[in-house]
Each structure stands twice: as C-alpha cells, then as structure tokens.
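**Student:** So that we are looking at the same thing, I have put the structure below in structure tokens.
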Amino acid sequence: MTFRAHMMDCPLMISDILVHAAKCHGGQEIVTRLPETGEIHRETYAEAHTRTKQLANALRKKLKIREGDRVATIAWNSHRHFELYYGISGMGAVVHTVNPRLDPKQIVWMLEHAQAKAVFFDKQFAPIVDGISKMCKSVKNWVLMTDKSHADAVKTKCKTYEELIAEQSSDFDWPVFDEYTAAGLCYTSGTTGDPKGVLYSHRSNVLHAMACSASDVIGVGARGTLLPVVPMFHVNAWGIPYAAPMNGAKLVMPGAQMDGKSIHELIEGEKVNYVAGVPTVWLGLLNYLEQEGKRIDSIERVLIGGSALPEALLRAYEDKYDVVMQQGWGMTEMSPLGTVNASLPKHDALDREEQIKIKLKQGRLVFGVGMRIVDDEGKELPWDGKSSGHVQVRGPWIASAYYRGAGADSFTEDGWFRTGDVAYLDGDGYMTITDRSKDVIKTGGEWISSIDLENAAMGHPDVAMAAAVGMPHPKWQERPLLVVQPKPGITPDAGSILDYLRGQVPKWWVPDAVEFIDEMPIGATGKILKTKLREIYKDYEFPTVDA
C-alpha cells in the first residue's frame, strides 16, 4: 500500500502561464512584425493578458464557442496568434493550428475532420479562405486577424479581430478544469495518406514548457530575447509561446517575412540572443550575411530542428559568427521536443573536431521522454553507440493515440509510440539518427544512412542542398542517387562532388550518380520532400549496373 503525501492537487492550466507572465513579467514585450503591413508592433505581457480576456469573452459571447469546440488558426507568428493560443484554450476550447503551406484541399479536409467552429486567419491567407470557405460546412465564423481597414482583402463574409475584441470587457475569470482537457490540435503533414491529428492537453503543454525551461534545453529567462522563426502552426512553435512567458523572456515574432534580410533586421533591432527554426531558414540567413557582410553578434544560440543540422552550416555559423549551433529532435506527436544537443563538462577537453562530431548528434534525451531502440523483431537494443534500430518513445507530452482513432499501428501494445526513425543511443543518452525507416538505403544487405550522406555532400563548396534517395538496382537492390541543388550562379561538376565524397564517406556509400535540380522540393514544414524526388526520378536508371 502506498503512503499518500499531503500536497495540493492543483490542475496545470495553460491560462496560468499568461497570468504569471502578466503579474511577474508584466512589462516584458512581445514584438511583432505585423503580417498585414510589415510594421513593428509592441505589447507587453500585461497588455496581452488584458486583450486575451477580451478575446475569451468574444469567443463565448459573439462566436458562441463552448468548451471542447475546435477553433482554427491559419496564421503567422504574431501577438494576435499568441493571444489566440491562450484565449481559446484558456476558456476550455481547442486551438487547431493549420499549416497554410498545405494544399487547400488538405486544409478543407483538416477543418472538416476537426469540425472547426471558427477560423482566424491572417490577411495573406485571404485567397485560401476565399477558395475554401464554401466547402467548410462546420465553420460558422471566419475572423480576419487585423482591423477593419484591411477587410477588403477578403471576399468571404467575416469579422475582424480588433473590432471583435474591442467590443468586449476584459473582466474574465479563467475557468479551472481537468488538466487532461484538450487544449490544442495539430495535424501531421500527411506525406503518406491523410494527415493525423495530435490532441494536446493542458497538462502536456505545461509540462512540455517546463521541460523547455531547463538550461540544457531552451533555457531562456527574463534576460532572454527569443525569436521563434519556426511557425506557430508547426507543433506550437516548439513550445516557445508557452516557455517564453513562463520564464519572462521577450518574444520577437517575425510575421510573414522570414527571408534573410528581414530576420537579420529583427535580430539586430531587438538584440535577439536565441533563435529557433529549420535548416532552410538558417541557410537563407547565412547567404544574406555572407553576401552583405553583416553579422549577428547578439545571437548566442541557434536551435535547429525539422531535419539534421548539416556540418557545413554548423561550421559556418560557429567559426565565422561565434554562434553556438544546437540541434534538437522531436515530432508533432511529441509536442515536439525529445532531444536537444547540449555538451557535457567532459567534452570541454576534447579537440574541435571531436566536439563537432558530438554536436552533429541529435542530442541528449530531455527529462520526461522515455526512449528505447528495438530491432525488427521488437527486441530492445543496448545504448552502446553502435546498435542501430527503430526509435520508440513514451512520456507525459507524447501522444497515446491519434485524434478520432487514426493510425493505431503507430503505437505498440505496451504503450510506446513508433517514431519511424532509425537511430542509436550512446551511454550518455545522446541519440544519433541514421535515417527514417522509409528513407534508409538498403544496398547488398547493408544500410546506408541518407542523412550522413547528405550532410557530407553539403560540405562541398558548390552544393546548396542535397538529398540522397535509394533507387532500384538490379545487382544491389538499391543504390544511392544524390540530388543536388547548386548554390546560385554555380554550375557544379558531378565528378567533383563524387570525388569529394570519396574522402568523406565509406567507399561503398558513394552514390552511383548525381543529378542536379534547380529547386529542391520543400514540404510544408521546411523539409525536403523525398516522396516528390522519388516521383520525379521514378523511371531513373543508373548509368552502369557494375558499381
């Protein structure tokens, strides 16, 4: 029999984060480059709290939103989107973030599958809304996230955000309810079949934000200034809209402009010291810095996720700009953080090349995330830094099922989530992903890591982006085809790239061919679409079968 302690049972509420920020960090700013005008807007956490209570009243009284209703957003990172995160979930409804980069038909499918009652959208997405509004039978209200001066941008009958909340009182008492109540809904990108919904709870989001607060994870406090370039429609912007106010950090929201020049202006203007986003964003910023001779001296750390950190990108930022590059790994189903790469004291004595090898790992496990590596038969493998297998995870902010019963085969009988990644763990809890299960290249009974091959190719001075895909081979089952997007104005030679790779990877990994592409297909979350590449090269035949 357990011996129960005398601790208070206080539900973890998302609204408590904003209440805390308003009371203890009320003067701290949320800075936004407005999506509709590009102008800089500033409001404090105290002001955001007041406006969010007005929003909650508007949701209840004007839009007739009730507890459990899904309210969708199609929006960039902004102070208004921040208010929606808290106003919707705080009153007991569910924030359903929608990725506007998806095909409009997929957006309709998501809104109908979620049975969204209202949709808030930025001005840039008015054409999407005009195209889909008549197909969204569940949606009763459309709200343009600006003021009435921009209302002519949309043909669909809608309300405007500023007028909607201006009519409302800021007198609102945040309700307290079961912490397992649904707070957010985010769909996977649906690269294979229909997207799958992940339903987050108040408890899971608060615990995830607390985990983010650890110094070896995101770990910014009241002296920090965070720029989440990762969109708020992509897995809650990695938890930053919750972790920042929880710790009193300044938030800088980029709005719709995420090119290198615009990001640099925000970094310099607001003295940003921590940024987060996918590698393609940092490649764009790097190109701008190099072309214009600019610097980013206020930046201390860059968190990269979504796909592996290329070694060439790591070296460029750390060696030229004295910026610490960290990569993290996670998934929509994990809220998303699972690992973050932070060094251990014993690594300080290592030489630079050994430190880089560690930095290229996906990182150490975040407390709260359980992980195991299993072979094809489900047998658990040791954490020995070499036994590679399928990654499975569990924890308090990891999905136990998909919304409305989809994808049941993604979960094991004993309650673990099958991530689809192939990796190994070492004795310090560092994970190294060798591939996605569907992307590993199987040649002659051995596995080639497409990720390692791509990272090696990215080190070639003429290569902007690279993707390795396994193509059918009559002798070896599969062999790697390397698809390369050259740097602007450069016409590289395939032979020089292959010669370069011969010094970087095992001989039998060297691709059988290199093909050049003007623009790499990029998916809705900033990742290279290998499914598209396989479609493009579906009839590809290698020049020789004797490799």
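**Student:** Based on alpha-carbon centroids, what's the gap between region 332-376 and region 194-254 in Å, whole number please?
**Tutor:** The distance from the Cα centre of region 332-376 to that of region 194-254 comes to 19 Å.
**Student:** OK, next. Given q = 0.13, 0.20, 0.21 Å⁻¹, what are the Debye log10 I(q)/I(0) values for region 368-436, with equal point scatterers placed on the Cα positions and solvent ignored?
**Tutor:** Computed log10 I(q)/I(0) values: -0.36, -0.80, -0.87.
**Student:** Would you mind checking the pairs K105/K134; K123/K159; K359/K527; K61/K134; K117/K157 and listing those with alpha carbons more than 18 angstrom apart?
**Tutor:** Where the Cα-Cα span goes over 18 Å, the pairs concerned are K359/K527; K61/K134.
**Student:** Just one of (1) 54; (2) 59; (3) 62 is percent of Cα pairs over 29 Å apart calculated from these coordinates, so which is it?
**Tutor:** Given (1) 54; (2) 59; (3) 62, the calculated one carries the label (1).
**Student:** Suppose the chain between S387 and A5 were pulled fully straight at 0.36 nm per residue; how much longer would it get relative to their current alpha carbon spacing?
**Tutor:** The span from S387 to A5 would gain 133.3 nm if fully extended.
**Student:** When the Cα centres of region 272-296 and region 13-86 are compared, how far apart do they sit, in Å?
**Tutor:** First find each Cα centre; the distance between them is then 28 Å.
**Student:** Can you pull a Stokes-Einstein diffusion coefficient for region 441-536 at 4 °C (1.567 mPa s), Rh from Kirkwood over Cα pairs, as a whole number of µm²/s?
**Tutor:** Calculated translational D: 96 µm²/s.
**Student:** Separate question: Tell me which aspartates and glutamates have Cα within less than 14 Å of K271's Cα, excluding those fewer than 8 residues away on the same chain?
**Tutor:** E29, D297, E300
**Student:** Based only on other Cβ atoms within 10 Å, what is the fewest-to-most ordering of H41, H202?
**Tutor:** Fewest-to-most ranking of H41, H202: H41, H202.
**Student:** Using unit Cβ charges (K, R positive; D, E negative) and no other charged atoms, how large, in debye to the nearest 20, is the dipole of region 16-119 about its Cα centre?
**Tutor:** The dipole magnitude comes to about 360 debye.
**Student:** Exceeding 24 Å between C-alpha atoms, which entries from my cross-link table qualify? They are K357/K530; K346/K379; K23/K261; K64/K137; K379/K538.
**Tutor:** Beyond 24 Å: K357/K530; K346/K379; K23/K261; K379/K538.
**Student:** Only Cα pairs under 8 Å and at least 6 apart count here; give the relative contact order of region 368-436 as a rounded whole percent.
**Tutor:** Relative contact order for region 368-436 comes out at 32 percent.
**Student:** Going through region 484-547, which GluC sites (Glu not before Pro) have at most 10 other Cβ atoms within 10 Å and a DSSP loop state?
**Tutor:** E519
**Student:** For the chain, give the share of DSSP beta bridges that are antiparallel, in percent and rounded to the nearest 5; count only bridges with both residues there.
**Tutor:** Bridges in the chain are about 55 percent antiparallel.
**Student:** Round to a whole angstrom and tell me the spacing of the C-alpha centers of region 100-146 and region 394-473.
**Tutor:** 32 Å
**Student:** Then there is this: Counting other Cβ atoms within 10 Å of each Cβ, which trypsin sites (Lys or Arg not before Pro) in region 397-459 have at most 16 and sit in a DSSP loop?
**Tutor:** Filter output for region 397-459: K438.
Every read-out reported here was derived from the displayed coordinates using simple, explicitly stated rules and does not represent laboratory data. Because the structure is a prediction, the values reported are computed rather than measured. Positions of Cβ are generated from backbone atoms using ideal geometry, with glycine treated the same way; all protein chains shown enter the neighbour counts.
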